[in-house]
Amino acid sequence: MKFERLPKHVAIIMDGNGRWAQQHSLQIALGHQAGVESLRAIIRESSDLGIDTLSLYAFSTENWRRSAAEVSALMSLLLRYFASEIDELDQKNVRIRILGDKAGLPEPQRLAVTQAEERTKGNTGLNLCIALNYGGRQEILRAARLLAERVRDGQLDAEMIDEEDFSQALYTAGL
Ligand code: FPP
C-alpha cells in the first residue's frame, strides 16, 4: 500500500444491509447489526492508517419512512453503538461529528450523539462524520437560512456571499 497516496476523505454509504440479511435468511435488523460490526473494523483501520476524515451515511431523512420496527431497531443500534464504542473512540483520539438535524432525533439518541461530539471535540485524530437524519436538500436549506440570518443581523453582505461563506454554513464547516 502506498501510504503517501492515501485518500484524505473516505465516505461510505451504509447500503447492502438488507440484501445481506436476505441472502442469509435473516431479519433486516440483523443485517444492520452486521453492518455495524463491519463499521467497527473500518473505523479502527481508518484511524490506524491516518485517514483524515471518514464520513458515514447512516440514516437519511427518508429513512423514517421505513417500518416502525426497522426504525426502532436502527435507533437502538445507534444507542448501543455509542455506549459501547465511545471510550475506545475517544482513546484513539477520534473526533465525532454528526451531520444532519439532531433536533429531529429521539431524545436518548440526541443526547448520546451530542455528548459524543462534546466529549471528542478536542481530539485531533480521525474525523468521524456520521450523517444522521441527514438530507442533502435539507442541508442546503439550512445553509440558506443560516446565511440569511447573518445577512439580517448585518454580519454579511448578501452581494458578497462566496463559496467559503457557503462552505462554513454546511455541516462539514471546517473540514
Ligand atoms: C441501508 O440498508 C442501511 C440503512 C438504512 C441504515 C444503516 C445504519 C445503521 C446500521 C445504523 C447504525 C449506524 C451507526 C453509525 C452506529 P438497506 O436496507 O437499504 O440495504 P439494501 O441496500 O441491501 O437494501
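Looking only at segment 92-106, count every residue that is surrounded by fewer than 15 Cβ atoms within 10 Å (Cβ to Cβ) and in contact (Cβ under 8 Å) with a residue 24 or more places away in the chain and tell me the total. Spell out the reasoning first.
Of the residues in segment 92-106, the ones surrounded by fewer than 15 Cβ atoms within 10 Å (Cβ to Cβ) are 93, 103-104, 106.
Still in the list and also in contact (Cβ under 8 Å) with a residue 24 or more places away in the chain: 93, 104, 106.
So the count comes out to 3.
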Name the pairs: first residue in segment 78-91 and of a type in the set (Ser, Thr, Tyr), second residue part of a helix (DSSP H, G or I), Cβ to Cβ under 7 Å, at least 6 apart or on different chains? 81/36
The correct count of residues that are in contact (Cβ under 8 Å) with a residue 12 or more places away in the chain and open to solvent by 60 Å² or more (accessible area, probe 1.4 Å) in segment 136-147 is 2
Subset of segment 13-49 (residues that are open to solvent by less than 70 Å² (accessible area, probe 1.4 Å), touching a residue at least 40 places away in the same chain (Cβ under 8 Å) and more than 10 Å from the ligand (Cβ to nearest atom)): 46, 47, 49
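Table: residues versus (1) open to solvent by 50 Å² or more (accessible area, probe 1.4 Å); (2) part of a helix (DSSP H, G or I); (3) in contact with a helix residue (DSSP H, G or I) (Cβ under 9 Å, 6 or more places away or on another chain); (4) at positive phi.
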{"position": "89", "(1), (2), (3), (4)": "no, yes, yes, no"}
{"position": "108", "(1), (2), (3), (4)": "yes, yes, yes, no"}
{"position": "130", "(1), (2), (3), (4)": "no, no, yes, no"}
{"position": "149", "(1), (2), (3), (4)": "yes, yes, no, no"}
{"position": "159", "(1), (2), (3), (4)": "yes, yes, no, no"}
Residues in segment 54-71 that are open to solvent by 50 Å² or more (accessible area, probe 1.4 Å) and out of contact with any Phe, Trp or Tyr (no Cβ under 9 Å at 6 or more places or on another chain) total 7
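Quick check on my filter: what residues within segment 1-33 are of a type in the set (Asp, Glu) and over 21 Å from the mean Cα position of the chain (by Cα)?
Step one: list which residues in segment 1-33 are of a type in the set (Asp, Glu), which gives 4, 15.
Result: 4, single match.
Could you tell me whether any residue of segment 132-144 is within 23 Å of residue 18 (Cβ to Cβ) and assigned to a loop (DSSP other than H, G, I, E, B)? Working first, answer last.
Pass one, segment 132-144, residues within 23 Å of residue 18 (Cβ to Cβ): 132-136.
Those left that are additionally assigned to a loop (DSSP other than H, G, I, E, B): 135.
For segment 132-144, residues within 23 Å of residue 18 (Cβ to Cβ) and assigned to a loop (DSSP other than H, G, I, E, B): present.
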Determine which member of the set 55, 72 is modelled with pLDDT of 95 or more and assigned to a strand (DSSP E or B). 55
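The values are calculated or read from the model by the stated rules, or taken from the named source; none is laboratory data. On a predicted model such as this, the values are computed, not experimentally measured, just so you know. Neighbour counts are summed over all protein chains in view; Cβ atoms, including those assigned to glycine, are modelled from backbone coordinates with ideal geometry. Each accessible area value is taken on the protein alone, full model and side chains, heavy atoms only, with ligands, DNA and RNA left out. Shrake-Rupley method; radii C 1.70, N 1.55, O 1.52, S 1.80 Å.
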